[in-house]
Amino acid sequence: MCGIVGRVNYEEDISENRELIENMTNILSKRGPDEEGYYFSKHVNLGHRRLNIVDIENGKQPMSTIFNETKYTITYNGQLYNSEELREDLKTKGFKFRRLF
């Protein structure tokens, strides 16, 4: 099990209010006792609690990458059981993969 929290506000800069997301994430510590992660930007804050089961070293979240000069960040709960098949399909379409950690 994992836990995800987030806040989005396009009208205000919420990047400095880290304590709110950290407190929300800590409340979910029983859902994800092994690890926590955060993402803070001007309008989006994300928190993630993780139960380490699969890909312990490389499954840290939230995950960010840059594609075509745009930064993308996700956090999710679950496992992609066909991740290798999807990776190969995306490679044929020109996407490149690299380890971020």
Practice problem: State whether the residues of the stretch 67-77 include one that is open to solvent by 50 Å² or more (accessible area, probe 1.4 Å) and either in contact with a His (Cβ under 6 Å, 6 or more places away or on another chain) or at pLDDT 95 or above (or both). | Solution: no
Exercise. For the stretch 41-58, name all the residues that are surrounded by fewer than 16 Cβ atoms within 10 Å (Cβ to Cβ) and closer than 25 Å to Val8 by Cα.
Key: Ser41, Lys42, His43, Leu51
Quiz item: Can you tell me which residues in the stretch 13-25 are open to solvent by 30 Å² or more (accessible area, probe 1.4 Å) and touching a residue at least 12 places away in the same chain (Cβ under 8 Å)?
Solution: Asp13, Asn17, Arg18, Leu20, Glu22, Met24
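The values are calculated or read from the model by the stated rules, or taken from the named source; none is laboratory data. Because the structure is a prediction, the values reported are computed rather than measured. A quick note on method: Cβ atoms are made from the backbone with ideal geometry, for glycine too, and the neighbour counts reach across all protein chains shown. These area figures cover heavy atoms from the full protein model, side chains too; ligands, DNA and RNA do not enter into them. Shrake-Rupley method; radii C 1.70, N 1.55, O 1.52, S 1.80 Å.
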